[in-house]
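Data first, discussion second: the structure below is written as structure tokens.
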Amino acid sequence: MPALQIVNYPHPALRWKSKPVKSITPELRDIVRNMFDLMYEARGIGLAANQVALPYRLFVINLTSDPNEPEEEFVFINPEITKRKGTAEGEEGCLSLPQVYGDVKRSEEITVEAYDLNGQLFEITLDDLAARAVQHEHDHIEGIMFPDRMVEAKRNEIDVLIADFESEFRHKQETGEYPPDEEIRNQLAQLEQELG
């Protein structure tokens, strides 16, 4: 597998509805470790597999963004949000849209079920930043990005920044740094097949 890197909008992987992970393999453990490393390098607190162009239902979170606090690392494999309570608005950013921020309404408290790297099912109830981060990353594996959740007036304010990402990505495709969208989608479908 080629070295993982965080992809920017509008890479097709970011709009891909991810497929459940069937088994936890040594390769998957390597991917997760690599995702944490990339997340720390980018000073993020969460990263979904789509953001490294992998069509898998998993994401990683460390709210401290500190590699020296591994006890704060959480891996969510095949996560499902089973309960939601209240609403809260807060500012969000995204490692696939660097330097773009916007206010998003989310559930204030959520309950999540997911598998950890040992294949153990766990359930956790979260609020505040943890709830927001999990909802943000859960959206990613559904192919949803935070600007999609913004109110239209606020979204219009960042549209020009998003357009810059679009033109930069298309330029990279023209210069051969990225293949055409169709080829990327074929690669994602191929990775899904390998997942079983």
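Only the coordinates and a few stated rules stand behind these numbers; no lab work does. Keep in mind the model is a prediction, meaning the values are calculated, not measured. A quick note on method: Cβ atoms are made from the backbone with ideal geometry, for glycine too, and the neighbour counts reach across all protein chains shown.
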Gaussian network model of the chain, springs between alpha carbon atoms under 10 Å - residue of Ala48, Ala131, Ala13 with greatest fluctuation = Ala131
Output the relative contact order of the chain, whole-number percent, from Cα pairs under 8 angstrom with separation of 6+ residues.
-> 25
Between [x] 64, 57, 36; [y] 45, 43, 30; [z] 50, 35, 32, the structure-derived Cα extents along the principal axes in Å is [y]
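Which order results if Ser107, Ser167 are arranged by neighbouring Cβ count within 10 Å, fewest first?
On the way: Ser107 19, Ser167 9.
Fewest-to-most ranking of Ser107, Ser167: Ser167, Ser107.
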A correct fewest-to-most ranking of Ile141, Ile158 by other Cβ atoms within 10 Å would be Ile158, Ile141
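As a test, work out the antiparallel percent of DSSP beta bridges whose residues both lie in the range 12-165, rounded to the nearest 5. Each step should come with its number before you reach the end.
On the way: 27 of 28 bridges.
Taking every DSSP beta bridge with both residues in the range 12-165, the antiparallel ones total about 95 percent.
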Cβ-Cβ cut-off under 12 Å around Glu109, Lys and Arg +1, Asp and Glu -1: the net charge is +2
Going 7 Å from the Cα of Asn68 in the Cα-to-Cβ direction, what parts of the range 24-48 have a backbone nitrogen less than 20 Å from that spot?
-> 36-46
For the range 166-175, what does the Karplus curve 6.51 cos²θ - 1.76 cosθ + 1.60, with θ = phi - 60°, yield as ³J(HN,Hα) per residue in whole Hz, taken in order and with x for Gly and Pro?
-> 4, 5, 5, 5, 4, 4, 5, 5, 5, 8
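Over the Cα atoms of the range 35-92, Rg to Rh with Kirkwood Rh, two decimal places? Mind dumping the intermediate values first?
Working: Rg = 12.7 Å, Rh = 12.7 Å.
Taking Rh as the inverse mean 1/r over Cα pairs, Rg/Rh reads 1.00.
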Glu137, Glu192, Glu91, Glu152 arranged by Cβ crowding within 10 Å, fewest neighbours leading = Glu152, Glu91, Glu192, Glu137
In whole Å, what is the distance between the alpha-carbon centres of the range 1-35 and the range 54-108?
-> 16
